[in-house]
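The values are calculated or read from the model by the stated rules, or taken from the named source; none is laboratory data. Please read all numbers here as calculations on a predicted model, not as lab measurements. Cβ sites come from the backbone with ideal geometry, for glycine too, and all protein chains shown count toward neighbours. We work out accessible area using only protein heavy atoms, side chains counted, and drop any ligands, DNA or RNA first. Shrake-Rupley method; radii C 1.70, N 1.55, O 1.52, S 1.80 Å.
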Amino acid sequence: MKVSLIVAVYKDIEALDLIVQALKTQTYKNFEFIIAEDNNSKEMKDYVSSIEGIEVKHTFQEDSGIRKMRSLNNAIIASEGDYLVYIDGDCIPYSTFIESHIKLAEDGYIVSGRRCNLGPRYAQKLRSKEMTPFELEKSFVWRFPFIAKDAIERHAEAGFYFSPDGFIYNNFLKNSNRSTNMLGCNYSCFKKDMLAINGYDEGYGQSAVGDDTDLQWRFKGLGLKVKSAKNVANIFHLYHERGFRKDIPWEMELEKMKINRSDNIFVCKKGLNSHDNFSK
């Protein structure tokens, strides 16, 4: 089965280059890499044209504020895979990442993993190329105390990897009561299911409400369940300062989602269908 791995990006070419490094070590080879740029920069075009060794597509749009949902819909329209896997532009996948998502893929489900949050020291080790993502992945167990100490945010333990074919996953993790909330920076679904809900809802403006909170209930409205891929489909999240935009009407957007949910509008009104080049 062909996979379309979609990454949402904005300007951070250094982090994107780390993702490309990681994709070249993937154990699952039948995939295309779609760079969904919420911008239209020459620097990104030049970088994308330099990528070799993997199949790459690049979608872009004018920089008119945060339009991540529309950018991701651009990538869905460009995708050729039967299965879609999503990460953010500051998330570096393990070498087993795509394979793990595929092995957990099941009709009637979306698959959602978690992220191992790196602190500033280990994020800089990757950015400065002091070590590769693959080297960090393979040395994670013995480095864990140092990674956990460095991490300003929690969840460094999400970096422990267990094979979906292994004893620990099948006897302990598979049926355990684990969090199954969807995480927009690490999840996957069949393309047919994404098309059925009309993609990402672009009606939320510049907020991130449509990234995962809105998607999860809409997938459930379609009848899908969420399957946990914690400690199976792993990513490293690069440390960065967090900013909160006060100009975005978060409460208004959340209220909009509540209304959509109460009215059972799981097929959004402004999604893939708002693109001139979209056809089912």
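Residues checked against (1) β-branched (Val, Ile, Thr); (2) assigned to a strand (DSSP E or B); (3) more than 18 Å from residue 21 (Cβ to Cβ):
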| residue | (1), (2), (3) |
| --- | --- |
| 84 | no, yes, yes |
| 87 | yes, yes, no |
| 98 | yes, no, no |
| 130 | no, no, no |
| 146 | no, no, yes |
| 171 | no, no, yes |
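Tell me whether region 210-219 contains one or more residues that are modelled with pLDDT under 90 and surrounded by fewer than 21 Cβ atoms within 10 Å (Cβ to Cβ).
Taking every residue of region 210-219 in turn, at least one turns out to be modelled with pLDDT under 90 and surrounded by fewer than 21 Cβ atoms within 10 Å (Cβ to Cβ).
Conditions tested, residue by residue: (1) modelled with pLDDT of 95 or more; (2) under 17 Å from the mean Cα position of the chain (by Cα); (3) surrounded by fewer than 13 Cβ atoms within 10 Å (Cβ to Cβ).
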| residue | (1), (2), (3) |
| --- | --- |
| 153 | no, no, yes |
| 162 | yes, no, no |
| 180 | no, yes, no |
| 186 | yes, yes, no |
| 190 | yes, yes, no |
| 194 | yes, yes, no |
| 202 | no, no, no |
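When you check residue 175 against the structure, is it outside any loop (DSSP other than H, G, I, E, B) and open to solvent by 40 Å² or more (accessible area, probe 1.4 Å), yes or no?
No, not satisfied.
Right, residue 103: charged (D, E, K, R) and either closer than 22 Å to residue 238 by Cα or within 14 Å of the chain's Cα centre (by Cα) (or both) or not?
no
Sort out which residues of region 220-239 are buried (at least 22 other Cβ atoms within 10 Å of the Cβ) and of a type in the set (Phe, Trp, Tyr), and write them in order of number.
Residue satisfying the conditions is 236 alone.
Please tell me if residue 139 is out of contact with any helix residue (DSSP H, G or I) (no Cβ under 8 Å at 6 or more places or on another chain) and of a type in the set (S, T, N, Q).
Answer is yes for this residue.
Mind counting the residues in region 13-30 that are free of Cβ contacts under 8 Å to residues at least 60 places away in the same chain and closer than 13 Å to residue 133 by Cα?
The qualifying residues number 3.
Quick one: which residue in 28, 47 is open to solvent by 10 Å² or more (accessible area, probe 1.4 Å), among the aromatic types (Phe, Trp, Tyr) and assigned to a helix (DSSP H, G or I)?
The match here is 47.
Please work out which one of (1) farther than 27 Å from residue 11 by Cβ; (2) in contact with a strand residue (DSSP E or B) (Cβ under 6 Å, 6 or more places away or on another chain) is the condition residue 112 fails and give its number.
(1)
Listed here are the residues, each with its yes/no results for (1) open to solvent by less than 60 Å² (accessible area, probe 1.4 Å); (2) farther than 21 Å from residue 238 by Cα; (3) in contact (Cβ under 8 Å) with a residue 24 or more places away in the chain; (4) among the β-branched types (Val, Ile, Thr).
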residue	(1), (2), (3), (4)
56	yes, yes, yes, yes
64	no, yes, no, no
72	yes, no, yes, no
97	yes, no, yes, no
108	yes, yes, yes, no
126	yes, no, yes, no
130	no, no, no, no
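Given the criteria within 24 Å of residue 277 (Cβ to Cβ) and in contact with a Gly (Cβ under 8 Å, 6 or more places away or on another chain), does residue 31 qualify?
Considered against the rule, which asks whether it is within 24 Å of residue 277 (Cβ to Cβ) and in contact with a Gly (Cβ under 8 Å, 6 or more places away or on another chain), residue 31 comes out as yes.
Can you list residue pairs whose Cβ atoms sit under 8 Å apart, with the first residue in region 136-147 being under 16 Å from residue 121 (Cα atoms) and the second being open to solvent by 50 Å² or more (accessible area, probe 1.4 Å) and at pLDDT 95 or above? Count only pairs 6 or more apart in sequence or on different chains.
Short answer, once both residue conditions are applied: 137/161; 140/160; 140/161; 144/157; 144/160.
Residues to consider are 66, 35; find the one that is touching a helix residue (DSSP H, G or I) at 6+ places or on another chain (Cβ under 9 Å) and of a type outside the set (S, T, N, Q).
35
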